[in-house]
């Protein structure tokens, strides 16, 4: 059981609570923090949390808390993460890690200096479809990955602070491009260093100082390209799609608008439809289990299992720092209108998670592939070291 302090009681905090108190069940949110009493009281009552506070440090330093989950607006991430590290607590932070690479790097240094567990809560690399696709890439089904295209678009954020460049750190790129960038890194290989970025971004619709639409290319040292497309001006709900192209195959992923559930109502649905849905009338595309479809369940399963076992999760603060560095280069490219180098204070990618997976896979020979009735694939493999045959 992990005892948690939840910082932030908005939409993301609500998703996180639903995931944390759902699949694993044994974990507990012992205290919640919010900047406003009204929202705090609603959140604590809804999720039956023992206590709440409008004092962030009180929540972080609570004696019955093992881990701090940061689900606050972007401008509060650094202060919260550094305070949690100083208190000796494990710290899990929502995306983006910082408003810029400088903030993210200070957060990385803080958790490393304190020696505390840290996880970067990038949910979209944990969606069931993404995990299945990543397994296929890992077993060599697509050959060498050449190009990954990731798209996230919707009509715009739900909270006013997103539109404030000072509070958010930017516009659609820092809000959604961070998802797309880490998705591409995951498929290309997070041990492959990103080199440079070229990006177009503009304010096409909304009266804001930040970009509401952007398209960028990230070039990696092995020649692979990651492409991100983001928009706060897309009408019709939320569109989440990925495309992975390798020398031996292709994967197309559609996470949201075509979920397998389509519903029509002439009078309008009285029920919740889906995040960022623009209409509750006419044709609608509900999502069966949002916290699963968006990756929250598998994300916290990975994070808290790794914490319990004293291991490294798939996503750490170092990953968040790399993503922030790529985002910063994208913003420089918008201004310069040319390829901009990605500036990293260091490149010492040492994810024990990826190292362990690579080691295990290097010891396995695929004997047979079997197609299961549900459309998934089972591998029969032989361990070279032990000679043991097993299913995967």
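In contact with a strand residue (DSSP E or B) (Cβ under 8 Å, 6 or more places away or on another chain) and in a strand (DSSP E or B): which single residue out of 185, 151 fits that description? Reasoning before the result, please.
Details: 185 fails: in a strand (DSSP E or B).
It is 151.
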For residue 71, all conditions in the list (1) over 16 Å from residue 95 (Cα atoms); (2) crowded, with 23+ Cβ neighbours inside 10 Å hold save one; what is the number of the exception?
(1)
Let me confirm something: among 104, 84, 80, which residue is over 20 Å from the mean Cα position of the chain (by Cα) and surrounded by 23 or more Cβ atoms within 10 Å (Cβ to Cβ)?
84
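Can you tell me which of 40, 21 is surrounded by 15 or more Cβ atoms within 10 Å (Cβ to Cβ), modelled with pLDDT under 95 and farther than 28 Å from residue 106 by Cα?
21
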Taking helices (runs of 4 or more DSSP H) that fall entirely within segment 29-99, which contain at least 1 residues that are within 22 Å of residue 308 (Cα to Cα)?
56-60, 77-86
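Can you name the residue in segment 21-36 that is touching a strand residue (DSSP E or B) at 6+ places or on another chain (Cβ under 9 Å) and free of Cβ contacts under 8 Å to residues at least 60 places away in the same chain and, of all such residues, is nearest to residue 296 (Cα to Cα)?
Pass one, segment 21-36, residues touching a strand residue (DSSP E or B) at 6+ places or on another chain (Cβ under 9 Å): 21, 27-34.
This time we only want the ones that are free of Cβ contacts under 8 Å to residues at least 60 places away in the same chain, so: 21, 28-34.
Working: 21: 11, 28: 16, 29: 16, 30: 19, 31: 20, 32: 19, 33: 20, 34: 21 Å.
So, considering only residues that are touching a strand residue (DSSP E or B) at 6+ places or on another chain (Cβ under 9 Å) and free of Cβ contacts under 8 Å to residues at least 60 places away in the same chain, the one nearest to residue 296 (Cα to Cα) is 21.
The values are calculated or read from the model by the stated rules, or taken from the named source; none is laboratory data. Since this is a predicted model, take the numbers as computed values, not measurements. Glycine also receives a Cβ, built like all others from the backbone with ideal geometry; neighbour counts cover every protein chain displayed.
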